[in-house]
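So the structure is just underneath, and the comments pick up after that.
The values are calculated or read from the model by the stated rules, or taken from the named source; none is laboratory data. Predicted, not measured: the structure shown is a model, and the values here were computed from it. Cβ placement follows ideal geometry from the backbone for every residue including glycine, while neighbour counts extend to all protein chains displayed. Heavy atoms of the whole protein, side chains included, go into the accessibility calculation; ligands, DNA and RNA do not. Shrake-Rupley method; radii C 1.70, N 1.55, O 1.52, S 1.80 Å.
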Amino acid sequence: MLTVDFSRFPLAPGDRVLDLGCGAGRHAFECYRRGAQVVALDQNGEEIREVAKWFAAMKEAGEAPAGASATAMEGDALNLPFPDDSFDVVIISEVMEHIPDDKGVLAEMVRVLRPGGRIAVTVPRYGPEKVCWALSDAYHEVEGGHIRIYRGDELLGKMREAGLEPYGTHHAHGLHSPYWWLKCAFGVDNDKALPVQAYHKLLVWDIMKKPLATRLAERALNPVIGKSFVVYATKPHLPAEPTAAEADEPAATPATKTAEPAAGKPRKSARPAASAAKASAKSPAKHGASSTAKPSAGAAK
């Protein structure tokens, strides 16, 4: 089950991708299938070892095209072990709500993302998440649990402050919000409650079979109660540094002021020849960034 929509966040073969806080690896697996050079990073060593096994199994089964690569590694989101501008794409899905220093994480992601690169950030949506918090303290008051609920404009503001340029948003997993409300109402650790069991079966069926009825239902529910808020952004190119020759070039001599015409005689307008040349000159094309799923039942757990 993917949260990032790769039809809105296109990925090219050979793109260097960092899946930060990859968890069970659902987005990393999809990027690998699409021919990317993927690094899946998480602080949970047990999950990283499992992701590495799946990468190996995918390679053996021929699920990844030639040229694709995949690495799973432990790491700290606040101190990424990569040089500046290392990646074309960064994905961080359902992670930032867990981290006290979210601005520090954004700064690290921007550092390792190349200018013109793309980033996808997903967090729990404010409304459905607020319901979960109201129904259950155990839902979020656990070690490593959710420590904040983002409003959409708050997340966009923090991304802009970090130097990113958001270009698209949407909501995802409208079918999953009622499941989590049931979990919070009956107890987040109580998987035996019949309503929870029944709804879990529905979600698994939807993930595995993707029937048209549930696809249409989720499309209708996403704008209203979508569980996740998704933002796509780019890291802008920096202004070009002047060359040494340009820096040493003397300033142009100002044009000599023309004499005023004699009184009583009309002034003739004169258009410098350089103006016509400037008007016909074209500015160079701006180098833009292109904008843009192994299913997992993780969200249904």
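When segment 1-25 is filtered for residues that are charged (D, E, K, R) and more than 13 Å from A120 (Cβ to Cβ), only R16 remains.
Checking each residue in segment 81-127 for being over 25 Å from V224 (Cβ atoms), among the acidic types (D, E) and in a loop (DSSP other than H, G, I, E, B) picks out D84, D85, D101. Any residue in segment 142-151 that is more than 24 Å from Q37 (Cα to Cα), in a helix (DSSP H, G or I) and open to solvent by 10 Å² or more (accessible area, probe 1.4 Å)? Looking through segment 142-151, none of the residues is more than 24 Å from Q37 (Cα to Cα), in a helix (DSSP H, G or I) and open to solvent by 10 Å² or more (accessible area, probe 1.4 Å).
Against the numbered list (1) over 15 Å from the mean Cα position of the chain (by Cα); (2) under 23 Å from N222 (Cα atoms); (3) surrounded by 13 or more Cβ atoms within 10 Å (Cβ to Cβ), P166 comes up short only at (1). Of the residues making up segment 38-49, those that are under 19 Å from P81 (Cα atoms) and surrounded by fewer than 19 Cβ atoms within 10 Å (Cβ to Cβ) number 5. Comparison of R111, R118 shows that the only residue that is among the basic types (K, R), open to solvent by less than 30 Å² (accessible area, probe 1.4 Å) and under 30 Å from L238 (Cα atoms) is R118. For V188, the stated conditions do not hold, so it cannot be described as among the β-branched types (V, I, T), at pLDDT 95 or above and surrounded by 18 or more Cβ atoms within 10 Å (Cβ to Cβ). Within segment 201-214, does at least one residue satisfy the condition of being open to solvent by 40 Å² or more (accessible area, probe 1.4 Å) and not in a helix (DSSP H, G or I)? The answer is yes, given that some residue of segment 201-214 is open to solvent by 40 Å² or more (accessible area, probe 1.4 Å) and not in a helix (DSSP H, G or I).
Every condition in (1) of a type in the set (V, I, T); (2) more than 19 Å from I207 (Cβ to Cβ); (3) open to solvent by less than 10 Å² (accessible area, probe 1.4 Å) holds for V4 except the one numbered (2).
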